[in-house]
Amino acid sequence: MVTSIIALVVIYNKYNYNNFIKSVREREKTEFVRDQEIKCSNMDSYKIENLDYNDAMFYETISVAPNTPYKVTCKVKVENVINENNTKSGGAHISIAGTTERSITLTGTKDWQEVTFLFNSKDRKEVDISFRLGGYEERSKGSAWFSDFKVEEGVANKDKNWKFVCFIFPEIDVDVEVKGKQQHVSLKMSNNDIQDLKDDMARFQTSIKTMSNNKMTVTYDMHIINEPIKSLSYDEENGYYVSVEDVYEYIKDYVEQNEYDHIYIGIRMANIQKGNNTLTNDWIGLGGMQYFGIGYSNIRLPDSENNYAYKYHYRINTFPEEVYIHEFLHTLERNAEEYGYEVPALHDYTKYGYTEEKLEGQKKWYIAYMNQEIDDKGKKIGLPTEIFTCKPTHESNFKYSRELNVLKEPENIIEVIRSIFDRIGKMFTSYKEQETL
């Protein structure tokens, strides 16, 4: 009996992944091992080795309370981790399986460091916390070790004031492909460009308060980043744009220190007065994106310096802050859906009888949208009032956190044995349930 128990413990220490489930995108490219030699603490580490480019993870389903902030931390070590096609968002990280929600990613070769993943449960009751080598749309190869897991439950901030930031990048200096040809593009904003972005941010602060009927207020910072953007991201629908990965190294310290609730990136990507080709499709703002759970939007200056889209003029444009409003509403639209509310699509203004007016664009539509004043066959619809206080998760939400008893490792031989028999019991129960189906 003792010999059998010892044998079970040996097997457990090498192959068991506690209550985690292993998952791979492609079989026979990944090895999972409990590593007794490379460890961060006294516990064996969890190793994922992608022998070729793959997306692999181990995850556990945990119960969560709706609309509650959570923090997951662990120690991670990586060795020779590289991403297929040089993508930037793959690597070793923590995520929620089946979603794009994730922590920062680690690539290359790095010794143990703590990785933190913050998220809000929104309308979910369960989430699959995963420790991953690869990504939602990426694949990586190399080795990653994970250890010392911890999950904390925090307290949501219900304050109606949101803290915004607009990072202005006056220069881009990139190599891109335009109409099938490689091209070097170097662009700089004028002082007037920068002033337009500043003026419209100030107008946005006033407008968001009045247009929401004081449901939310705004404070904001503006930072001019004088280092040029060196890379752009691309997709077929939008053309070139500035993704989180393109500016992460420039803005991460500002965001971590100030706990911003929404991020704008102000850029110029074309200037037809100087003969520059257009790098994007037909948009001046691009929203609905996220910077690790924080709303993230591109604010792109028009291709022509003579365009009045960002300039106030009583006879031409009395609502130049519209792009700021529009892109932020895309974030609230997304948040509302993820919190379980049904809301009209922000772009469906004509469906409900609204038009784009000469001097103030879609301002009347935005006001109705923010105040549930849209008439839908006698029913008033729009953003629910509650969504204006559903803000991103920050470290400050965990000042009085509660540590959850999940993802815990057995700490002695007795707990190991209990874990083994618990696993056997769960396997037996699962087998019996399948038999009755």
**Prompt:** To the nearest 10 degrees, how steep is helix 244-258 against the longest Cα principal axis of the chain, on a 0 to 90 scale?
**Reply:** 90
**Complete:** Per residue, accessible area of region 46-128 with a 1.4 Å probe, heavy atoms of protein chains only, in Å², comes to 39
**Item:** Helix-derived mean residue ellipticity, 222 nm - over the chain, DSSP H n ≥ 4, -39500 (n - 2.57), to 500
**Value:** -7500 deg cm²/dmol
**Asked** Convex hull volume of the Cα atoms in region 148-267, per residue, in Å³?
**Response** 176
**Asked** What percentage of the solvent-accessible surface of the chain, computed with a 1.4 Å probe over protein heavy atoms, is contributed by carbon and sulfur atoms?
**Response** 46
**Message:** With a cap of 16 neighbouring Cβ atoms within 10 Å, and only residues DSSP puts in a loop, list the GluC sites (Glu not before Pro) found in region 132-170.
**Reply:** Glu137
**Prompt:** So what's the net charge close to Glu360: Lys and Arg +1, Asp and Glu -1, counting the other residues with Cβ under 15 Å from its Cβ?
**Reply:** +1
**Prompt:** Which whole-number percent of Cα pairs in region 274-374 have a distance greater than 25 Å?
**Reply:** 27
**Request:** Could you run the Karplus curve 6.51 cos²θ - 1.76 cosθ + 1.60 with θ = phi - 60° over region 153-159 and give me ³J(HN,Hα) per residue in whole Hz, x for Gly and Pro?
**Result:** 10, x, 10, 5, 8, 9, 5
**Prompt:** When only C-alpha pairs under 8 Å and at least 6 residues apart count, what is the relative contact order of the chain, in percent?
**Reply:** 15
**Item:** Answer label, with percent of Cα pairs over 29 Å apart calculated from the coordinates and candidates (i) 43; (ii) 46; (iii) 55
**Value:** (iii)
**Prompt:** For a label point 7 angstrom out from the Cα of Ile82 toward its Cβ, which stretches of region 128-144 have the backbone nitrogen within less than 13 Å?
**Reply:** 140-143
**Prompt:** What does the convex hull of the Cα atoms of region 41-109 come to per residue, in Å³, rounded to a whole number?
**Reply:** 127
**Message:** Test of understanding: what is the full-extension gain from Ser23 to Asp235, defined as 0.36 nm times their sequence separation minus their Cα-Cα distance?
**Reply:** 73.5 nm
**Request:** Over region 248-385, give the accessible area per residue in Å² for a 1.4 Å probe, as an integer.
**Result:** 46
**Asked** How far, in degrees from 0 to 90, does helix 413-436 lean away from the longest principal axis of the Cα atoms of the chain, to the nearest 10?
**Response** 70
**Prompt:** How would you rank 212-218, 47-53, highest first, on the average number of other Cβ atoms within 10 Å across their residues?
**Reply:** 47-53, 212-218
**Candidates Glu403, Glu357, Glu126, ranked by Gaussian network fluctuation over the chain, Cα under 10 Å, top entry** = Glu357
**Prompt:** Where does helix 191-211 land angle-wise versus the long Cα axis of the chain, in degrees 0 to 90, nearest 10?
**Reply:** 80
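The values are calculated or read from the model by the stated rules, or taken from the named source; none is laboratory data. Bear in mind the structure is a predicted one, so any value in this text is a computation, not a measurement. FYI the Cβ positions are ideal-geometry reconstructions off the backbone, even for glycines, and counts take in every protein chain you see. For the accessible areas, the whole protein counts, side chains as well, though only heavy atoms, and no ligand, DNA or RNA atoms are used. Shrake-Rupley method; radii C 1.70, N 1.55, O 1.52, S 1.80 Å.
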